Amino acid sequence: MSAVTPGMVCSHHHLYSALARGMPSPPRQPTKFIEILEQIWWRLDVALDAEMIRWSAMLGAVEALQSGTTAIVDHHESPSCIEGSLSIIADACSEVGVRTNLAYGVTDRHGADGARRGLAENERFLRGGGRGMVGVHAAFTCSDETLAGAASLARELGVGVHIHVAEGPDDATAGERLQALARDDWHLVHCVYLDRDLPGTIAHNPRSNMNNSVGYARPAARPNKIVLGTDGIGADMLEEARLAYVRLREDDVLATPDTVWQWLDNGYALFPEARADRVTWNYPQADSAWHVAFTPGVRAVHVESDAGEVLLRHGLPTRVDINEVRAKAAEQATRLFGKL
Ligand SMILES: [Zn+2]
């Protein structure tokens, strides 16, 4: 039993959503998944500019460290500020000391030119040595040409495709459309309505699925490797794991916390070095799934990188001033809300 664990991995995030908290109500009340996208997220992402992207990523990274999370797989979209956006996020997170695997979510929502520029941003970032995957928003917002283009770019660059799959009923045909394209290195997010098995790792995001009222993904019933993400609602992986556990348990009374802690562990496939990061928690049995699954409020107090650098001391980031980050992010949130 120990208060020390490796760094946590958040295997699906949208760092820009750090600015979404407290945003003004949409013009119409969304009543289903597609309307939540249209009324909230697609109004928000189109308003993002470089400064908003930078400070949302910085705040998201600081809050990740405070949750003991040292590595983030992020999926980004900012249709009005595409080129260079992945580098802004990479730089902000690396300034704080958080590792990232980034992808720009390609989509035809803004026409074929928008899709082309999204693909180009993935290519620019990855060819320039950036760590990431080729991002696709989802099959239902992309033409077959765009899906094939993303798949072939990913193959050419030797990386996977990071894509939302059958999150809601509107994307229920994703399995059929992706079947000939998907490969073992693909990062398939949600898979709630997926009608067949596809090759790849499945990123399960229980809090987001509940919040969007899309139903339970039943990840334990899939043959795939499962990892855990937050889908943009912070990066507190112990909190997400506790939630994943009770959601699993609601479906199967025989389930144990070990299953969900295996999902956390699977996250190291993309960030092997995060295993050597050391997080000290405010709880002496933080390394025990059976303890943490039933112990709310376990927090990181000290984080040290694999290279021995202290990144979080007494619960506070060492490389940046948390008050400044919060103030700048609040400023950007106000600008963002003004544009909505
Ligand atoms: Zn997502």
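The values are calculated or read from the model by the stated rules, or taken from the named source; none is laboratory data. Bear in mind that the values here come from a model prediction, so they are computed numbers and not experimental data. Methodologically, a virtual Cβ is constructed for each residue, glycine included, from the backbone with ideal geometry; neighbour enumeration extends over all protein chains shown.
Observations, loosely collected:
- Complete set of residues in the stretch 194-235 that are within 12 Å of the ligand (Cβ to nearest atom), out of contact with any Pro (no Cβ under 8 Å at 6 or more places or on another chain) and assigned to a strand (DSSP E or B): ALA203
- Residues satisfying the stated conditions in the stretch 54-78, i.e. more than 14 Å from the chain's Cα centre (by Cα) and more than 16 Å from the ligand (Cβ to nearest atom): ARG54, TRP55, MET58, LEU59, VAL62, LEU65, GLN66, SER67, GLY68
- Condition check for ARG177: more than 12 Å from the ligand (Cβ to nearest atom) and under 26 Å from ASP265 (Cβ atoms): no
- When restricted to residues that are in contact with a Lys or Arg (Cβ under 8 Å, 6 or more places away or on another chain), under 17 Å from ALA61 (Cα atoms) and not in a helix (DSSP H, G or I), the stretch 307-340 contains 2.
- Going through (1) part of a helix (DSSP H, G or I); (2) of a type outside the set (Lys, Arg); (3) modelled with pLDDT of 95 or more; (4) surrounded by fewer than 20 Cβ atoms within 10 Å (Cβ to Cβ) one by one, ALA64 falls short only on (4).
- Residue in the stretch 186-193 that is assigned to a helix (DSSP H, G or I) and within 15 Å of the ligand (Cβ to nearest atom) present: no
- Test for ILE72: is it of a type in the set (Val, Ile, Thr) and buried (at least 24 other Cβ atoms within 10 Å of the Cβ): yes
- Within the stretch 94-122, tally of residues that are in a helix (DSSP H, G or I) and under 22 Å from ARG54 (Cβ atoms): 9
- Looking only at the stretch 1-32, and only at residues there that are more than 12 Å from the ligand (Cβ to nearest atom) and in a helix (DSSP H, G or I), the one that is farthest from VAL292 (Cα to Cα): LEU19
- Exactly one residue among ALA300, ALA276, ALA293 is surrounded by fewer than 18 Cβ atoms within 10 Å (Cβ to Cβ), of a type outside the set (S, T, N, Q) and either at pLDDT below 95 or under 23 Å from the mean Cα position of the chain (by Cα) (or both), and that residue is ALA276.
- Qualifying position, being surrounded by fewer than 24 Cβ atoms within 10 Å (Cβ to Cβ) and under 23 Å from ASN101 (Cα atoms), among ASP170, ASP184, ASP231, ASP197: ASP184
- Meets criteria (over 21 Å from the mean Cα position of the chain (by Cα), acidic (Asp, Glu) and more than 21 Å from MET58 (Cα to Cα)) for ASP287: yes
- Candidates are the residues of the stretch 151-173 that are within 16 Å of the ligand (Cβ to nearest atom) and part of a helix (DSSP H, G or I); the one that is farthest from the chain's Cα centre (by Cα) is ASP170.
- Applying the condition of being within 16 Å of the ligand (Cβ to nearest atom) and more than 17 Å from HIS110 (Cα to Cα) to the stretch 123-150 and asking which residue is surrounded by the most Cβ atoms within 10 Å (Cβ to Cβ) yields VAL134.
- Pairs where the first residue, in the stretch 227-245, is over 19 Å from ALA61 (Cα atoms) and the second is within 13 Å of the ligand (Cβ to nearest atom) and polar (S, T, N, Q), C-beta under 9 Å, 6+ apart: VAL227/SER11; ALA244/ASN205
- Members of the stretch 89-137 that are among the aliphatic types (A, V, I, L, M), in contact with a helix residue (DSSP H, G or I) (Cβ under 7 Å, 6 or more places away or on another chain) and under 27 Å from LYS328 (Cα atoms): ILE89, ALA92, VAL96, VAL98, LEU102, ALA103
- Selection count, the stretch 215-227, where residues are in contact with a Gly (Cβ under 7 Å, 6 or more places away or on another chain) and buried (at least 22 other Cβ atoms within 10 Å of the Cβ): 1
- Which listed residue is free of Cβ contacts under 8 Å to residues at least 12 places away in the same chain and within 30 Å of ASP306 (Cα to Cα), from GLY97, GLY129: GLY129
- Of everything listed in (1) over 16 Å from ALA293 (Cβ atoms); (2) assigned to a loop (DSSP other than H, G, I, E, B), the single unmet condition for LEU254 is (1).
- Yes/no for GLU240 being in a helix (DSSP H, G or I), acidic (Asp, Glu) and within 16 Å of the ligand (Cβ to nearest atom): yes
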